[in-house]
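The values are calculated or read from the model by the stated rules, or taken from the named source; none is laboratory data. A quick note: this is a predicted structure, and the numbers were derived from the prediction, not measured. In this analysis, Cβ positions are derived from the backbone assuming ideal geometry, glycine residues included, and neighbour counts consider all displayed protein chains. These accessible areas exclude ligands, DNA and RNA; they are computed on the full protein's heavy atoms, side chains included. Shrake-Rupley method; radii C 1.70, N 1.55, O 1.52, S 1.80 Å.
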Amino acid sequence: MKNRLLLLAAALPAALLAAEPPMAPNPMPAPDQMAAMPAQPMSSHVMYDAAQLQWGDAPPALEKGAQMAVLSGDPGKSGWFVVRLKTPSGYKVAPHWHPTDERVTVIQGDFSLHMGAGASAHDHTFAAGGYAVLPARMQHAASTQGGGIVQVEGNGPFVINYVDLRDDPRVRAPAR
């Protein structure tokens, strides 16, 4: 028995060396593929604990009541950005679209999306941990029943184009 174990121990390294080599890392994308990738300029080191986030009023393109914290980048400029949006119960964003892809992660609470238009439209409600990628120009609306926090990432500048201009808080006539 002892001799068999020694023989097995001696054969194991040879078997490992004869095994298939590990897979090579993914090659760099071809130049024509790189042109389609969003530019991601070098950025400085960023780390936040949730209590350190600096919340302020969301921009005027969103209904009043929401707060926003910028985690990295500048959503008003070209380049990658990450923001968090904190919304109260019952908050809604009317149907709109963006000229670039939007990535949304639900951090806390609930978050609902109504995506698309016509026969291809569908609704989905996410709990904390949910994630969605909304392609550029895809019409969608967002809402929350109980309030929540979502993280939005994309390539700026971040632009909101409302499907119906009457829904745009920046141009809507003040209520009398």
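So what does His96 come to for accessible area, using a 1.4 Å probe and Å² rounded to 10?
The value for His96 is about 10 Å².
How big is the stretch 96-171 by the Kirkwood estimate over distinct Cα pairs, in Å?
Details: mean 1/r = 0.0770 Å⁻¹.
Here the Kirkwood hydrodynamic radius works out to 13.0 Å.
Compute the separation of the alpha-carbon centres of the stretch 65-95 and the stretch 106-147 and state it in Å as a whole number.
Cα centroid to Cα centroid, the span is 15 Å.
How much net charge surrounds Ala94 when only the other residues with a Cβ under 11 Å from the Cβ of Ala94 are counted, with Lys and Arg +1 and Asp and Glu -1? List each step's numbers first, then the result.
Values: positive: Lys92, Arg166, Arg172; negative: Glu63, Asp164, Asp167, Asp168.
Residues near Ala94 contribute -1 overall.
Which value, in Å² rounded to 10, gives the accessible area of Arg172 with a 1.4 Å probe and all protein chains present?
Accessible area of Arg172: about 100 Å².
Any idea how far apart Asp123 and Asp49 come out in nm if each label point goes 7 Å out from Cα toward Cβ?
Calculated label separation equals 4.0 nm.
How far apart, in nm, are two points set 7 Å out from the Cα along the Cα-to-Cβ line at Asp101 and at Ser89?
According to this spin-label approximation, the distance is 3.7 nm.
Hey, which aspartates and glutamates would be in cross-link range of Lys92, C-alpha to C-alpha under 15 Å, not counting anything within fewer than 8 residues on its own chain?
Within reach: Glu63, Asp110, Asp123, Asp164, Asp167, Asp168.
Given labels modelled 7 Å from the Cα in the Cβ direction, how far is it in nm from Asp164 to Ser112?
Computed distance between label sites Asp164 and Ser112 equals 1.7 nm.
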